[in-house]
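Engineer: Sharing a structure, written as structure tokens. Questions coming.
The values are calculated or read from the model by the stated rules, or taken from the named source; none is laboratory data. In this text, all values refer to a predicted model and were calculated from it rather than measured experimentally. Don't worry about glycine lacking a Cβ; one is built from the backbone with ideal geometry, like all the others, and counts go over all protein chains shown. The protein model used for the area step is the full one, side chains on, heavy atoms only, and it has no ligands, DNA or RNA in it. Shrake-Rupley method; radii C 1.70, N 1.55, O 1.52, S 1.80 Å.
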Amino acid sequence: MALTGIQIFKLLPKTNCKECGVPTCLAFAMNLASGKAELDSCPYVSDEARAQLAEASAPPIRPVAVGKGVRAFTAGGETVLYRHEKTFFNPTALAAQVGSDTPEDALKATLVKWNALQYERVGLNLRPELVVVKDVGGDAAAFAKTAKTVAETSEFNVVLMTEDAAVMKAGIEAAGFKRPLMYAATAATIDDFGAMAKENNLPLAVKADSVDALVPLTEKLTGMGLKDIVIDPGSREIKQNLQDNIVIRRAALKSGNRALGFPTINFPCEMAGNADMETLIAAMQIAKYGGIIVLSDFNAEGVFPLLLERLNIFTDPQRPMTVTEGIYEINNPDENSPILVTTNFALTYFIVSGETEGSKVPSWLLIKDSEGLSVLTGWAAGKFSGDDVGAFVKKCGIMDKVKHKEIIIPGYAAAIAGDMEEELPGWTITVGPREAALIPAFLKSR
Ligand code: SF4
């Protein structure tokens, strides 16, 4: 249970030395209780008090690290119910499932197919993270072999899915080096699975048939010294699943219920009769507090929209998405190719670059930092003025790449042409179309 501000205050030195950046220990205690301060900001906390205060300053939902390598991820660590309050931090991990009876060749072909589902957006590589190896028939050797193939021959991280302790042990021996998630301990197996997770320092999922039934199980695991826990309330019906995810998040954040302060694992693969419905349920779970989502398969038409949804849900709503300022080459431009300039708002970049690429006209696209504002807003806010854009053109290096002196500005920023001409003597400032959709016709007509 998290400590209140007053409880924290009692553990502080009460010297009001101000070194933590606020005027009093009481103010610091209040900030710590509300998650607005870090305990390390006070250098005078005793070790004894620190141990107690660490509890208060820990995120209400524990961040749980799963996997190794480029597809390692952290689930949980969230501090708010609604992303407009602050932001959601750790994107929902996406998993697909294979049976331990999958023939080796078919498994490898599937992994190659799944590995190809990667998409570049706003300078990020969007891709799913996990493969769930599901025990079929209790064959420990087959389970271990499948887990080993996934762990060793692909970037994917692994969920070992079995309720048989001997099968789980074999899976850990084969794929333990990749820090797999063990799924799942139940009331019947919690002692064995808890001991195995502790011995191998692995994250462990625990499954019950209701939210209430999870509480004694997670309390037992934390009593054993385990911290990296993922919870499954067992709901496989849409309304109940949504309700459970919300109840768990609210209990952890609003009631300080540490027994439910863990990321959830969700199984749309067990909740839908077809891939479209599965994708829809997964979309709901990304928006409403799913830590890990397990699909029956990865296919482009399902994974791509889920990755985009995830990208949007897990970005800070108070900071616009941007791309890096600089020169972007489109369709292999040369020294005679036209130069376009626009702002670094990610949506603006994608639309303008997409339309330019679609025109098939080799072009240089200059992206000017406008603090993430679109053209019209950036111009109105003074972040895309003629002086600034002109100065950027001079310093960005485009002059070394072309022989001509003409630059195309967005139609909505026509008003900056005069200032740009003053900043760029000898250059022709051409006003382009207002709408990006007209860029292909504009470029082709030149
Ligand atoms: Fe109090 Fe520590 Fe802040 Fe000093 S640094 S005011 S002792 S909380």
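Engineer: Tell me, Kirkwood radius of region 167-294 from alpha-carbon pair distances, in Å?
Structural biologist: Details: mean 1/r = 0.0667 Å⁻¹.
Roughly 15.0 Å, rounded to one decimal.
Engineer: Classify region 122-183 as rounded, prolate or oblate from the Cα gyration tensor: take a ≥ b ≥ c as the square roots of its eigenvalues, call it rounded if a/c is under 1.5, otherwise prolate when a/b beats b/c and oblate if not. If you can, show how the numbers build up before the last one.
Structural biologist: Numbers: a/c = 2.56, a/b = 2.25, b/c = 1.14.
Judged from the Cα gyration tensor, region 122-183 comes out prolate (a/c at least 1.5, a/b above b/c).
Engineer: So if R0 is 45 Å, what FRET efficiency would Thr153 and Asp40 give, r being the distance between their Cβ atoms, rounded to the nearest 0.05? Please report the intermediate quantities before stating the final value.
Structural biologist: Values: r = 42 Å, r/R0 = 0.92.
Rounded to the nearest 0.05, the efficiency is 0.60.
Engineer: On the Cα set of region 320-399, report Rg and Dmax in Å, please.
Structural biologist: Gyration radius and largest Cα-Cα distance of region 320-399: 12.1, 34 Å.
Engineer: Calculated FRET efficiency, Glu219 and Phe350, Cβ-Cβ r, R0 56 Å, to nearest 0.05? Show your work: numbers first, answer last.
Structural biologist: Numbers: r = 47 Å, r/R0 = 0.85.
Using R0 = 56 Å, I get an efficiency of 0.75.
Engineer: Based on DSSP, what percent of beta bridges with both residues in the chain are antiparallel, to the nearest 5?
Structural biologist: On the way: 12 of 48 bridges.
In the chain, DSSP labels about 25 percent of beta bridges as antiparallel.
Engineer: According to a simple spin-label model (label point 7 Å from Cα along Cα-to-Cβ), what is the distance in nm between Thr186 and Glu85?
Structural biologist: 3.4
Engineer: Continuing with this model, one more query. Among rounded, prolate and oblate, which fits region 250-390 when a ≥ b ≥ c are the square roots of the eigenvalues of its C-alpha gyration tensor, a/c under 1.5 means rounded, and a/b larger than b/c means prolate?
Structural biologist: Numbers: a/c = 4.12, a/b = 1.81, b/c = 2.27.
Oblate shape, in that a/c is at least 1.5 and b/c is the bigger or equal ratio.
Engineer: Once you place label points 7 Å from the Cα toward the Cβ at Asp297 and Val70, how far apart are they in nm?
Structural biologist: Label-label distance for Asp297 and Val70, simple model: 2.6 nm.
Engineer: Based on the alpha-carbon gyration tensor of region 92-249 and its eigenvalue square roots a ≥ b ≥ c, which shape applies: rounded if a/c is under 1.5, prolate if not and a/b is larger than b/c, or oblate? Intermediate values should be presented prior to the final figure.
Structural biologist: Numbers: a/c = 1.81, a/b = 1.25, b/c = 1.44.
In terms of gyration-tensor shape, oblate.
Engineer: Suppose a student asked you for the relative contact order of region 303-360, using Cα pairs under 8 Å spaced at least 6 residues apart; what percent would you report?
Structural biologist: Values: 23 pairs, mean separation 21.0, N = 58.
The normalised contact order for region 303-360 reaches 36 percent.
Engineer: What's the whole-number percent of alpha carbon pairs in the chain lying beyond 40 angstrom?
Structural biologist: Numbers: 36920 of 99235 pairs.
I get 37 percent for the Cα pairs in the chain exceeding 40 Å.
Engineer: Per residue, how much accessible area does the chain show when a 1.4 Å probe rolls over the protein heavy atoms, in square angstrom?
Structural biologist: Details: 20130 Å² over 446 residues.
For the chain, the solvent-accessible area averages 45 Å² per residue.
Engineer: While we're looking at this one, here's another question. Scan the chain and report its longest stretch carrying no GluC sites (Glu not before Pro) that are both in a DSSP loop and have at most 15 other Cβ atoms within 10 Å. Don't skip to the end; give the middle numbers.
Structural biologist: On the way: sites that count: Glu19, Glu38, Glu85, Glu237, Glu325, Glu335, Glu371, Glu435.
After excluding every exposed loop site, the longest remaining stretch is 86-236.
Engineer: Further, regarding this structure: Got a number for carbon plus sulfur as a percent of region 97-235's accessible area, 1.4 Å probe? Before the final figure, lay out each step's value.
Structural biologist: On the way: 2890 of 5670 Å².
Carbon and sulfur: 51 percent of the exposed surface of region 97-235.
Engineer: Now for a separate question. Pull out the extension gain between Asp419 and Glu48, defined as 0.36 nm times the separation in residues minus the alpha carbon to alpha carbon distance; nm, one decimal.
Structural biologist: Values: separation 371, 0.36 × 371 = 133.56 nm, distance 6.34 nm.
My answer for the length gained is 127.2 nm.
Engineer: Moving on to the next point. Work out how much length Ala437 to Phe314 would gain on full extension: take 0.36 nm times their residue separation and subtract the Cα-Cα distance, in nm to one decimal. Intermediate values should be presented prior to the final figure.
Structural biologist: Details: separation 123, 0.36 × 123 = 44.28 nm, distance 2.87 nm.
The span from Ala437 to Phe314 would gain 41.4 nm if fully extended.
Engineer: Can you return the aspartates and glutamates within cross-link range of Lys220? Criterion is Cα-Cα under 20 Å, with same-chain partners fewer than 8 residues away left out.
Structural biologist: Within reach: Glu55, Glu163, Asp164, Asp191, Asp192, Glu199, Asp209, Asp212, Asp228, Asp232.
Engineer: Hey, another quick one. At Lys18 and Ala106, where each label point lies 7 Å from the Cα along Cα→Cβ, what is the point-to-point distance in nanometres?
Structural biologist: About 7.2 nm separates the two model spin labels.
Engineer: Oh, and also: Taking all protein chains as present, what is the carbon and sulfur share of the accessible area of region 261-418, in % to the nearest whole number, probe 1.4 Å?
Structural biologist: Details: 3370 of 6530 Å².
Accessible surface attributable to carbon and sulfur in region 261-418 totals 52 percent.
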